[in-house]
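Here is the structure we will look at, set down as structure tokens.
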Amino acid sequence: MNNKATIELQHKTEKWLSATPKQIENLLNSNAEELRDVLRFHEGNYYIKNSPLISDAEYDRLYKYLEKYEAENPDKITFDSPTQRVGGGLNSEFPKVSHLVPMLSLQNSYNEQDLKDWDHRIKETLNQTEIEYCIEPKFDGASISLIYENDRLIRGSTRGDGETGDDITNNIRRIKSIPLSGKFSQYGIEQIELRGEVLMNKINFENFNKQQSEAGLALLANPRNASAGTLRMKDPEEVSKRKLEAFVYHASYINLFSSVKEASELKTHSGILQMLNDLGFKSPVHESKVLRGIENVIKHISNFEIQRDDLPYEIDGMVIKVNKIDEQEILGMTSHHPRWAIAYKFKARQATSKLLSVSYQVGRTGAVTPVAKIEPVQVGGVTVSSISIHNEDYIREKDLRIGDSILIERSGDVIPQIVKSNPEVRTGAEKPIIYLTNCPACGDKLIKPEGEAVWRCVNISCPAQVVEKIIHFVSKDAMDIKNFGEANVRKFFELGLLKDIPGIYKLDFTSISSLEGIGEKTINNLKSAIEVSKKQPLHRLIYALGIRYVGETTAKTLARSVTGLKNLAEKSQEELMLVDDVGIKIAESIYTFFQNRDNIELIKELEQLGVETEYKVQEVKNRNLSGKTFLFTGTLNMKRSDAEEMVGNLGGTILNSVSSKLNYLVVGESAGSKLEKAKKIPSVNIITEDEFLKLISFNN
Ligand code: IVH
């Protein structure tokens with residue numbers, strides 16, 4: 001939907017929402033179809049874009065006007081009216097279901113003293129001197145309830161108001177880490193209600209937003225919103241694509257077969273976690289710890305907080321639970337929370353700042369992204385002074401103005417986001433953000449393609465785009481030309497020593513060596529890195545070309561399905577669509593890319609300069625990691641379990657902690673305490689994920 005249509009529908013919404021009952025009656029008699037349009041528009045924002053512009057209550061109010069009018073005038077009902085959708089309107093989209101046991105909240109604690117006070121109360125009630133606790137992460141996602149009966153998953157639902165939630169079984173069934181059946185009967189269990197948390201891990205979240213941004217679509221604010229939004233999507237296929245995962249951490253109700261006695265596994269919380277794990281669930285059995293005494297709990301929590309960023313998913317604290325179930329039963333619960341559990345919340349990663357000004361960046365696809373300069377502020381340990389505000393729709397939806405007080409959030413290593421502006425503290429001096437009409441780099445008029453949220457500069461010789469394309473080409477995930485970082489590309493480009501991508505392979509090193517700060521060693525390193533890059537596998541070259549919608553994964557599948565770059569360039573859209581995971585959008589984009597004569601010239605030139613453009617099958621040699629030990633830390637691009645499996649397949653061993661027995665520590669993004677420890681042990685080789693991949697392909 002284009003911008004004008006969106007604004008028009010938003011105006012119409014305001015008109016309907018502010019109308020008096022008499023006016024509503026007149027409006028409905030003269031133009032009920034307008035209200036249907038308004039409702040469809042908001043359904044789209046809610047279900048498809050996951051970014052509602054009005055509240056549920058406002059939607060309901062408008063929906064009821066239409067429902068009432070149609071009930072009184074049945075001859076006026078249209079077949080595509082929002083009231084005729086199976087299952088009804090916004091709130092009744094998913095059937096409501098009652099939880100077997102209410103889904104309670106947790107009491108919160110923020111410091112040692114809160115925990116000590118809680119421990120004191122528990123010791124008093126149980127009349128004991130020391131309690132056994134189980135401590136586990138507090139997952140920051142969307143809570144769910146699952147019911148298994150006779151070993152089969154029969155229902156999955158959202159928390160809702162705690163008593164009743166939405167039946168989202170079809171969506172839940174798309175989450176691969178939730179088993180559709182589990183042998184609970186082995187433990188004498190006939191029916192069990194489980195509680196857990198659905199998450200989108202940090203890598204999937206970032207990849208998802210990257211794709212959305214490339215496509216000019218709305219971004220998700222944080223992994224938590226991403227999981228909650230996805231769970232309520234109408235199309236289960238879409239849920240599958242978003243790769244959610246779920247941790248299951250509590251059994252709220254257990255009904256045993258009448259003939260059996262309670263299994264010993266069910267007597268402690270840690271035993272239940274172990275049982276769930278053994279039945280194929282993702283339970284926090286490895287992430288949890290059983291400890292006696294609150295002092296030990298406090299120590300463990302502060303160690304865990306340091307490692308928070310090492311986890312592949314978001315947590316916002318820890319949950320401490322009395323481990324013995326009979327003790328939990330004595331303690332019982334209030335109407336709000338169980339007395340046997342408490343959440344310890346980590347320091348907030350939100351801060352308030354002020355929006356000072358807006359500048360614009362031109363990306364390699366010509367997308368012009370507004371960036372807000374803000375008053376520098378500390379959020380979760382880093383200083384944030386600028387923040388992307390994505391596009392014009394985002395600015396309008398968040399109602400951002402220059403001078404506004406804004407709330408910032410940084411979740412884990414995820415890029416900071418503006419949560420909201422604070423219009424209630426405006427002074428009147430705030431200024432609207434006037435969007436650019438011309439490219440800040442080349443001055444060409446900006447274009448906003450139909451159905452997209454992003455303004456683009458379509459001048460392919462725009463210097464800003466050319467620089468960004470070169471930066472992408474040399475980057476780590478693309479041709480990986482070491483020592484040729486962003487700063488060097490910009491410097492060489494500004495000095496006229498580098499004009500385009502082929503220019504990388506034609507650099508005049510005599511001129512470069514005369515530049516300040518560039519010594520002989522740097523030159524030699526650069527020369528050899530450029531040489532090495534000529535032999536990069538085809539999928540890296542395809543990715544490096546920066547074809548829209550072609551990410552690393554698609555580049556890999558494409559590379560495997562062609563004989564070389566020329567062959568790829570010759571494929572029709574229909575042929576491209578035969579490749580796995582290539583849909584019409586990607587096929588169209590690849591086809592259009594190679595229809596452009598400049599791009600064909602680029603390929604020819606690269607070939608003449610000695611860049612390998614054919615597909616080569618990797619040779620497989622012997623396994624020889626035997627005797628070598630590995631440990632992975634931080635966020636990796638590949639799945640940690642895949643990496644560990646590779647090591648095992650090649651005869652190596654995985655260790656659990658850093659010690660002098662460790663040969664290689666493979667560090668991903670935001671590695672924490674393990675990296676610090678390894679730095680102190682000289683015999684440990686600290687390597688990046690890329691170096692690890694090189695090592696194993698060498699050893700393969
Ligand atoms: S136990 C009856 N354990 O935090 C107790 N909750 O703020 C059930 N949460 O509603 C909850 N991680 O959605 C429990 N390891 C964990 C958790 C956890 C996240 C969520 C849960 C709860 C919310 C309370």
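Remarks
- Summed over qualifying helices (DSSP H, 4 residues or more, each -39500 (n - 2.57)) and divided by its residue number, the chain shows a 222 nm mean residue ellipticity of -11000 deg cm²/dmol.
- Environment charge at Ser288 (Cβ cut-off 11 Å; Lys +1, Arg +1, Asp -1, Glu -1): 0
- Under 17 Å of direct C-alpha separation, and excluding same-chain neighbours fewer than eight residues apart, Lys661 reaches these lysines: Lys628, Lys674, Lys677, Lys679, Lys680.
- Near Leu655: Cβ cut-off under 12 Å, other residues only, Lys/Arg at +1 and Asp/Glu at -1. The net charge is +2.
- Diffusion of segment 336-390 by Stokes-Einstein, at 25 °C in a medium of 0.890 mPa s and with Rh set to the Kirkwood radius over alpha-carbon pairs, works out to 174 µm²/s.
- Under a model in which nothing but the beta-carbon of Lys, Arg (+1) and Asp, Glu (-1) is charged, the chain shows a dipole of about 1400 debye around its Cα centre.
- By other beta-carbon atoms within 10 Å, ranking Leu180, Leu331, Leu62, Leu27 with the fewest at the front produces Leu180, Leu331, Leu27, Leu62.
- Label zone of Glu190 (point 7 Å out along Cα→Cβ, amide N under 19 Å): in segment 242-264 this covers 252-264.
- Around Lys96: net Lys/Arg minus Asp/Glu count, Cβ-Cβ under 15 Å: -4
- Debye intensity ratio in log₁₀ form over the Cα atoms of segment 551-656, taken at each q of 0.17, 0.18, 0.20 Å⁻¹: -0.89, -0.92, -1.01
- Rounded to the nearest whole angstrom, the semi-axes of the ellipsoid equivalent to the chain, taken from the Cα gyration tensor as √(5λ), stand at 45, 39, 26, largest first.
- When the alpha carbon gyration tensor of segment 414-527 is reduced to an equivalent ellipsoid, its three semi-axes come out at 37, 19, 15 angstrom, largest first.
- Going from the fewest other Cβ atoms within 10 Å to the most, the residues Ser30, Ser157 appear in the order Ser30, Ser157.
- Label-point separation, Leu609 to Thr688 (7 Å along Cα→Cβ), nm: 2.1 nm
- Segment 284-341 versus segment 415-449: alpha-carbon centroid distance in Å: 43 Å
- Alpha-carbon Rg with Dmax, taken over segment 254-365, Å: 20.7, 71
- Two-decimal Rg/Rh across segment 482-575, once Rg and the Kirkwood Rh are taken from alpha-carbon atoms: 1.07
- Only beta bridges with both residues in segment 363-470 are counted; by DSSP, about 100 percent of them are antiparallel.
- Counting only aspartates and glutamates at least 8 places from Lys116 when in the same chain, those with an alpha carbon closer than 15 Å to its own are Glu124, Glu130, Glu132, Glu295.
- Estimated FRET transfer efficiency when R0 is 56 angstrom, pair Glu295-Arg61 (beta carbons, to 0.05): 0.55
- In this simple spin-label approximation, Gln274 and Asp444 carry label points 7 Å from Cα along the Cα→Cβ vector, and these lie 6.6 nm apart.
- By the count of neighbouring beta-carbon atoms within 10 Å, fewest first, Lys679, Lys556 end up ordered Lys679, Lys556.
- Cross-link reach is defined here as a Cα-Cα straight distance under 30 Å, omitting same-chain residues fewer than 8 places apart; for Lys15 the lysines meeting it are Lys4, Lys49, Lys64, Lys68, Lys76, Lys234, Lys398, Lys420, Lys431, Lys448.
- Highest-first packing order for the peptide set 349-360, 428-439 is 349-360, 428-439, based on the mean count of other beta carbon atoms within 10 Å.
Values quoted throughout were computed directly from the atomic coordinates according to the rules given, and no laboratory measurement underlies them. From a predicted model like this one, the values you see are computed outputs, not experimental measurements. Using ideal geometry, Cβ is built from the backbone for each residue, glycine included, and neighbour counts are taken over all protein chains shown.
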